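Below: one structure, written as structure tokens.
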Amino acid sequence: MGTGPKEAIIMAAARLPNKGNLQLIDELNEAPLSLFHYKAAITAGMGFFTDSYDLFIIGPALALAKTEFHASATTIGLVGSISLIAAFLGAIVFGRLADVIGRKKIYGLEAAIMAAGAIASAFSPSIYWLIVFRFILGFGIGGDYPVSAVLMSEYSNRKNRGRLVGLVFSMQALGLVVGPMVAVTLLASGVPGSLAWRLMLGLGAIPAAAVIYMRRHMPESPRFQAKVKGEAEQASLAVKAFSGGVLNSTTTANNSTDAQSSYDSPVSQKLSLFQFLSNPKYLLTLLGTAGSWFVFDYAYYGNAISTPLILKGVAPSANALTSVAISLLIFVVAAVPGYILAFTYMDRIGHKKLQIIGFIIMGACFGAIGFIPSLVHNLVPFLVIYGVSFLFAEFGPNTTTFVLSAELFPVSARTTGHGLSAGIAKFGAFIGVFIFPILNKSLGLSHTLLVTFAIAIVGALVTLVLPEPSGKTLEELSGEDVVPISNPSNSKISAVM
């Protein structure tokens, strides 16, 4: 049975935003940068600090734990990478759930899973239980990626969205720094290695607990609540309270049943998972976001988590404390400035453009080390080039892949798209972490980094399929910026046009 003109008009009208929604969304898009934006960024970013600490602390912890458990190289590789394969699953599962039942309901759950996984890991009685508990931890970490990114994206204005979402991601820098600092402090204090690695892992529960507390007071995403759930009035009141009155789009509906019904009605088409995955436009976008993120995480996590192993090859005489201290120096001198530069200049340079630049320079650094083998035997020049690769990883694709995936999908499938992108990326990270020690042993460090060089070039090429989102509204990017029907009597003409 075909669809007639009348039915087509009704269906088209149902997808158009109502006035209450339009007013709220316009205010969100054009709101000046205010304290409530940073409050939302810190709340979301604390989760990312926890993610980063938990993922990267396993490097120095494993250097100590492997002695206690007498595990094989394959088992150690699995311990280091299992949380990443769990994050692959967690990002996809929680990303989809956040589009179905809401961002806020998922927000505290994944933080609780992270806290439980960190504590359990610290009490692991064997290497196999450590693998199980790190899997649980990784599942929660994966869930935090799409929810933190998208919630901040949906609170942001169009001019500063890259800065705000990038600021959330930049909390990863603190995790990168605090992890080695904790390791150095414990080792320098003379804490036995058998206790030190357990403390390193267990301390990850503290920021996770803080995240649970902070997120209890953050309301649901106003865009999701207004455009998907059809609760524009409730969304306006919640965001007004959260912003301290900076956003005040609350309108008073008249007493008519029709007006109230219109105000509260759903206004965005709710995409099923099948509809999302069968849409050519979204599939192409997913290719760009997930593909570029996959190859980046392969390169980045393989190197970052294996940094102690890399340094051992460059400086064989360095002990565990020295290796961790050098890793900390690299993160502080190179990685942290990269994060700061990314969220400061991303919106000016362009999100897509910065990603391509970062991939190219990062790849060039790996290529230089690979094509000049003598560099792996000279610590200072090696550290300089290796540090520059970290600088442009952060001031580039490590930040931009997170941001792009949070802004290029429609509101009813935004965490789904980000979750799929982050999940596929974490699968790439799993491969990188698992295979890097194997490649390093069989090919040597120079040739292993040549593989990373090729991967970085692929990332730059895949990014080309994406649009440039800088300065555009989320609704413009997703095609949801349609004009509302303001006069019911002219609805037929407006809908057809």
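Evaluated with a Cβ-only charge set (Lys, Arg +1; Asp, Glu -1), region 103-166 carries a dipole of roughly 420 debye about its Cα centre, given to the nearest 20.
P(r) for region 116-209: what percent of alpha-carbon pairs falls in each 10 Å bin, starting at zero? For region 116-209, the pair-distance distribution reads 14, 36, 30, 15, 5, 0.
For the pair LYS353 and SER126 in one chain, pulling the backbone fully straight at 0.36 nm per residue adds 77.1 nm over the alpha carbon distance.
Label positions at LEU329 and PHE371, each projected 7 Å from the Cα along the C-beta direction, are separated by 2.8 nm. Residues LYS472, LYS159, ordered by accessible area of protein heavy atoms at a 1.4 angstrom probe radius and largest first, appear as LYS159, LYS472. This model, with +1 at the C-beta of Lys and Arg and -1 at the C-beta of Asp and Glu, gives region 378-490 a dipole about its Cα centre of some 560 debye. Shape of region 65-221 from its Cα gyration tensor (a ≥ b ≥ c, root eigenvalues): rounded if a/c is under 1.5, otherwise prolate when a/b > b/c, or oblate? Because a/c hits 1.5 or more and a/b exceeds b/c, region 65-221 counts as prolate. Across region 374-422, the convex hull enclosing all Cα atoms gives 70 Å³ per residue. Across all directions, the average flat footprint of the convex hull enclosing the Cα atoms of region 401-488 is 7.4 nm². Between LYS441 and LYS105, the modelled labels are 4.6 nm apart [label points 7 Å from Cα along Cα→Cβ]. For THR322 and SER189, the difference between the fully extended length at 0.36 nm per residue and the C-alpha to C-alpha distance is 46.5 nm. Counted over all Cα-Cα pairs of region 83-147, pairs farther apart than 19 Å make up 29 percent.
Descending by average beta-carbon neighbour count within 10 Å, the peptides 61-68, 415-422, 46-53, 169-176 line up as 415-422, 46-53, 169-176, 61-68, the highest first. Computed over protein heavy atoms with a 1.4 angstrom probe, the accessible surface ordering of TYR301, TYR345, largest first, is TYR345, TYR301.
Legend: calculated FRET efficiency, LEU287 to LEU237, from the Cβ-Cβ distance at R0 = 45 Å, rounded to 0.05, equals 0.70. Put a dot 7 Å past the Cα of TYR345, heading toward its Cβ, do the same for LEU461, and the two dots end up 2.7 nm apart.
The values are calculated or read from the model by the stated rules, or taken from the named source; none is laboratory data. Remember, it's a predicted structure, so these values are computed and weren't measured experimentally. So basically every Cβ, Gly included, is an ideal-geometry build from the backbone, and we count neighbours across all protein chains shown. We work out accessible area using only protein heavy atoms, side chains counted, and drop any ligands, DNA or RNA first. Shrake-Rupley method; radii C 1.70, N 1.55, O 1.52, S 1.80 Å.
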